[in-house]
Ligand SMILES: Cc1cc2nc3c(=O)[nH]c(=O)nc-3n(C[C@H](O)[C@H](O)[C@H](O)COP(=O)(O)OP(=O)(O)OC[C@H]3O[C@@H](n4cnc5c(N)ncnc54)[C@H](O)[C@@H]3O)c2cc1C
């Protein structure tokens, strides 16, 4: 069933409708998982959609303006920003925020020093980037500390309040802006679909063929699916590269299906991970396809891989020619527009 499409004033543009199917693919992604933490929905900012990202951007600029004004008036001024969850998203966001706080004088906010903006990354696990190799997490911690970002590990947050956070050990941290970047869950309605198996985070449980366990005509992949990996207790991780590879496998399966052939068993191939620290640096590991060993990279080489990954994604979506045009437009836009968007 497809929900009605409404315009911005809530008027119905296209009514609710039903579609028949013989083969169904579900690929509706995920949203942040706040694990039911008290106060998270009321006081945290989430980054699941463009709308939420724009809201975060506006609130961040307002917080910078307010704190700069307070500094100008000679009042005590300190802006505390906390990021809950030190996966790739949380770590990269901390670096971007640090760069933004350093660029404020360029935009006339001369009374606010970068040191007046306190950025804290909080992770429940014993190290940041817990899903990635330890060497990456050591390098990332070193880089964040170099950028004056406070890194707290082994510290679960138990409650979010209006202007503070309560840690499990009872410590209260001031936080005027709190961003939730810890974990994902699939949309809740998936767990209520009749005749399909879902796990605790609402993901549809699928076989290696990406067919749902209870209905072979329904496929699911990407963040909304829990897919087993051979020789591993862990399902395929919710990452862009996994979703991309699954899309390729599913394409072959659907083509086979039309020809009455068997579905393809999906095997995840981890190509490595790259963490970008804004303009400062990039760190990462690349997996050797044949040896299966990972190679640590850092600095300009890692940055080059990071930039080319983004372009490869665009090539997959738009083809070479359009990606070339987008690349050129990005270059022009970077030369014409300020780095920190002020509205
Ligand atoms: C801020 C952020 C940064 C990230 N950075 C990285 C990164 O650097 N590297 C990496 O590997 N991964 C990253 N990820 C994770 C990555 O985005 C996901 O793993 C990937 O997008 C999953 O692909 P998907 O196709 O399953 O879901 P999505 O890309 O989320 O696509 C799902 C689509 O379905 C639509 N949809 C949702 N519900 C419905 C519905 N009921 N009906 C119809 N359509 C619906 C959504 O609007 C969306 O367009 C990041 C995620 C976030 C939030």
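All of the numbers you see were taken from the coordinates with simple rules; none came from a lab. On a predicted model such as this, the values are computed, not experimentally measured, just so you know. Cβ placement follows ideal geometry from the backbone for every residue including glycine, while neighbour counts extend to all protein chains displayed.
When a footprinting reagent is the concern and you count Cβ atoms within 10 Å, what order do 180, 327 take, fewest first? Each step should come with its number before you reach the end.
On the way: 180 25, 327 13.
Ranking 180, 327 by Cβ neighbours within 10 Å, fewest first, gives 327, 180.
Can you give me the angle between helix 240-258 and the longest principal axis of the chain, using Cα atoms only, in degrees from 0 to 90, rounded to the nearest 10?
The angle comes out near 20 degrees.
With the cut-off at 1.5 for a/c, could you classify region 32-74 from its C-alpha gyration tensor as rounded, prolate or oblate? List each step's numbers first, then the result.
Details: a/c = 5.43, a/b = 1.92, b/c = 2.83.
Judged from the Cα gyration tensor, region 32-74 comes out oblate (a/c at least 1.5, b/c at or above a/b).
Once fully extended, how much extra length lies between residue 200 and residue 169, figured as 0.36 nm per residue of separation less the alpha-carbon to alpha-carbon distance? Show your work: numbers first, answer last.
Values: separation 31, 0.36 × 31 = 11.16 nm, distance 2.65 nm.
Full extension from residue 200 to residue 169 adds 8.5 nm.
In whole Å, largest first, what are the principal axis extents of the Cα atoms in the chain?
75, 51, 47
Report, for region 36-184, the % of DSSP beta bridges that are antiparallel, rounded to 5. Show your work: numbers first, answer last.
Details: 6 of 22 bridges.
Bridges in region 36-184 are about 25 percent antiparallel.
Place the peptides 163-172, 256-265, 121-130, 32-41 in order of packing, highest mean first, counting for every residue the other Cβ atoms within 10 Å and averaging per peptide.
Working: 163-172: 13.6, 256-265: 11.8, 121-130: 20.5, 32-41: 16.2.
Result, highest mean first: 121-130, 32-41, 163-172, 256-265.
If contacts are Cα pairs under 8 angstrom and at least 6 residues apart, what is the relative contact order of region 227-305 in percent? Mind dumping the intermediate values first?
Details: 88 pairs, mean separation 14.6, N = 79.
After rounding, I find 18 percent.
Which order results if 56, 219, 251 are arranged by neighbouring Cβ count within 10 Å, fewest first? Could you put the intermediate results ahead of the total?
On the way: 56 16, 219 25, 251 11.
Neighbour counts put them in this order, fewest first: 251, 56, 219.
How high is the FRET efficiency between residue 342 and residue 162 when r is their beta carbon distance and R₀ equals 35 Å, given to the nearest 0.05? Kindly include the intermediate steps, with their values, before the conclusion.
Working: r = 26 Å, r/R0 = 0.76.
Calculated transfer efficiency: 0.85.
For the chain, what proportion of DSSP beta bridges, expressed in % and rounded to the nearest 5, is antiparallel? Kindly include the intermediate steps, with their values, before the conclusion.
Numbers: 26 of 47 bridges.
So the antiparallel bridges in the chain amount to around 55 percent.
Return 332, 119 ranked ascending by Cβ neighbour count within 10 Å, so the fewest neighbours appear first.
Values: 332 9, 119 25.
Fewest-to-most Cβ neighbours within 10 Å comes out as 332, 119.
Would you calculate a helix-derived [θ] at 222 nm for the chain, using -39,500 (n - 2.57) for each DSSP H run of n ≥ 4 and dividing by the full residue count, to the nearest 500? Intermediate results must be reported in sequence, preceding the final value.
Working: 6 runs with 113 residues, N = 343.
So the calculated ellipticity at 222 nm is -11000 deg cm²/dmol.
Compute the length gained on full extension between residue 114 and residue 18: take 0.36 nm times their separation in residues and subtract their Cα-Cα distance, giving the result in nm to one decimal. Intermediate results must be reported in sequence, preceding the final value.
On the way: separation 96, 0.36 × 96 = 34.56 nm, distance 5.40 nm.
Extra length available between residue 114 and residue 18 comes to 29.2 nm.
Jot down the radius of gyration and Dmax of region 256-319, Cα atoms only, both in angstrom.
Answer for region 256-319, Rg first and Dmax second: 16.3, 53 Å.
Under the definition of Cα pairs under 8 Å and six or more residues apart, what whole-number percent is the relative contact order of the chain? Spell out each step's value before the answer.
Details: 569 pairs, mean separation 53.4, N = 343.
About 16 percent, as a whole number.
Considering the Cα trace of region 36-184, what is its radius of gyration and what is Dmax, both in angstroms?
Expressed in Å, the Cα Rg and Dmax of region 36-184 come to 15.1, 47.
Hey, could you pull the Cα Rg and Dmax for region 118-227, both in Å?
For region 118-227, the Cα-based Rg and Dmax read 18.7, 52 Å.
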